Each structure stands twice: as structure tokens, then as C-alpha cells.
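Step one of this worksheet: look at the structure below.
Here, each number is a calculation from the coordinates, and none is a lab measurement. Everything numeric in this text was worked out from a predicted model, so none of it was measured. Neighbour counts run over all protein chains shown; Cβ positions are idealised from the backbone, glycine included.
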Amino acid sequence: MKILVVDDEKNILKLYQAELEDEGYTVVTANSGREALEVFEKEIPDIVTLDILMPDMDGIQVLRQMKEKRSNVPIIMLTAYDYRDDFSVWISDAYVVKSSDLSNLKTTIKQLLKRVTP
């Protein structure tokens, strides 16, 4: 399974990549919204983790464009802030608050991948 991890903080990308590769996933990364859309098209990931706050293009805009292109790909919104009251994040498949403990994220990824793989 291939995961696209999108975050504008390079240290977060490295942490998530290392942790998720340890779980046996293939991980591709992008550190901006525009780069995320390019990698999404080129790499065809099975699932995406997407930061909301990014400088060039916010995660909500990226989420909408990804869902328009391939609505079946699960997208997990990641943020340090609580956006659950913002209805625009509701089109995502899951919402996880960032933490250095990735157990919640890993569990969410496994649950979503079970739904999309036979």
C-alpha cells in the first residue's frame, strides 16, 4: 500500500515517513499543496494524509481537488488545530489531530485501508 504524506514541515514528513515505512507501507511525500497534487497524479497513492495549514495552498483546497480527481482514495486530514466544526473538512474520510505518538494515525490508516481493499 502506498501512502502520500503531505505536510509543510520537513521534520514531520521525515517522522511520518519513517514510522509508516516501519509499518510496511510505501511512503511518498510532498511539502506543499501544489506538490501534493503533482505527486497524487504521478504516484497514485492508496491513501493520503493531508495537513490543513500550508503556505501555498491549504489542505482543504487540496482535499477538494484530490476528491474531484479520485473520490475513492481515502484522505485523512491532519492538523494541530481543531477544525471539526468547519464543514469543509467533512468530505475527508478521517480527521486526526497531530501528535508525536502516531498510534491514532496508524489505526485510522488501517481502518480506512480495510474499507477500500477487498
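Structure above, values below:
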{"item": "Residues satisfying the stated conditions in segment 1-34, i.e. within 13 Å of the chain's Cα centre (by Cα) and of a type outside the set (A, V, I, L, M)", "result": "Lys2, Asp7, Asp8, Tyr16, Gln17, Thr29, Asn31, Ser32, Gly33"}
{"item": "Filtered residues of segment 1-47 (kept if of a type in the set (Asp, Glu) and over 18 Å from Ser71 (Cβ atoms))", "result": "Asp7, Asp8, Glu9, Glu19, Glu21, Asp22, Glu23, Glu35, Glu38"}
{"item": "Tally of residues being free of Cβ contacts under 8 Å to residues at least 40 places away in the same chain, under 18 Å from Ile12 (Cα atoms), in contact with a helix residue (DSSP H, G or I) (Cβ under 8 Å, 6 or more places away or on another chain) and not hydrophobic (A, V, I, L, M, F, W, C) across segment 26-55", "result": "3"}
